[in-house]
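Read the figures in this text as sums done on the coordinates, not as results from a lab. Given the structure is predicted, the values throughout are model-derived calculations rather than measurements. FYI the Cβ positions are ideal-geometry reconstructions off the backbone, even for glycines, and counts take in every protein chain you see.
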Amino acid sequence: MPSPLVFAAIAVSVVITSFISGILGMAGGMILMGILLAFMPVPAAMMLHGVAQMAANGWRAWLWRGEVNWRVFRGFVVGALGVLSVFSLVQLAVSKPIAYLLLGTTPFIGSLLPRNFKLNVDKPWHPLICGVTCIAIQLLAGISGPLLDVFFVHSQMDRKQVVATKAIGQAFGHILKIFYFGVLLSTTQGVIEWWLACACVALAVFGTTLSRRVLEAMTDANFRAWTRRTVMATGLCYLGTGLYLLC
């Protein structure tokens, strides 16, 4: 059971990161994952992060349900379920330093790809590839937002369609993460208190609701610029943390 001070830190973090994700469609979950890893074992952090982010992304998807690209989501689901079936056989959970390093690496994956190799969910089969790669990294590092963004940055969707489609995909991914760490992996380190999970759901919905007016006021250019800056800065912090823990 977390102390009152730890609970307060987690509660504030859930509200703030849900607010950030509600505006940028990502980044908040990445920040929250790093904070939870500081307080909890990896399986428990994965579980609580999954619950909070499932609520935040699910509520965001509901708020913008009219903007969801269902073709992209269907392809994402097929790829995601394929990855879960593989992970259910290997039952892999990484250590805390490796989790931080993976968190820090994900924002830079897009920069490492060849310039003529552009991932884009508008293209056939790319939503399925998106589901495969994003859920694989999500089950290892806890988040896949920066990698997911690589598939959307070249699409023809506006900011509302991007946020809505990414939100429903992320919500589904977090459901799979909860199932993986809560059911398939037999470890007591993944157990979290029910009241803590319920509190995080309520706080995530609250933070997401606050973000709607800010997103409506942003331009598409500002939306993409702030997304890149936020995830790159957070990634560098996590890379440093992971390297420090390995030393």
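Things to note:
- Remark: pairs (first residue in the range 199-225, over 23 Å from residue 49 (Cβ atoms) and touching a residue at least 12 places away in the same chain (Cβ under 8 Å); second residue surrounded by 17 or more Cβ atoms within 10 Å (Cβ to Cβ) and not aliphatic (A, V, I, L, M); Cβ separation under 6 Å; 6+ apart in sequence or on different chains) = 220/159; 223/159.
- Subset of the range 110-145 that is closer than 24 Å to residue 178 by Cβ and among the β-branched types (Val, Ile, Thr) - its residue that is surrounded by the fewest Cβ atoms within 10 Å (Cβ to Cβ): 129
- A residue that is in contact (Cβ under 8 Å) with a residue 60 or more places away in the chain and either among the aliphatic types (A, V, I, L, M) or more than 22 Å from residue 88 (Cα to Cα) (or both) occurs nowhere in the range 113-127.
- One residue alone among 180, 244 is of a type in the set (Phe, Trp, Tyr) and either crowded, with 20+ Cβ neighbours inside 10 Å or within 19 Å of the chain's Cα centre (by Cα) (or both), and that residue is 180.
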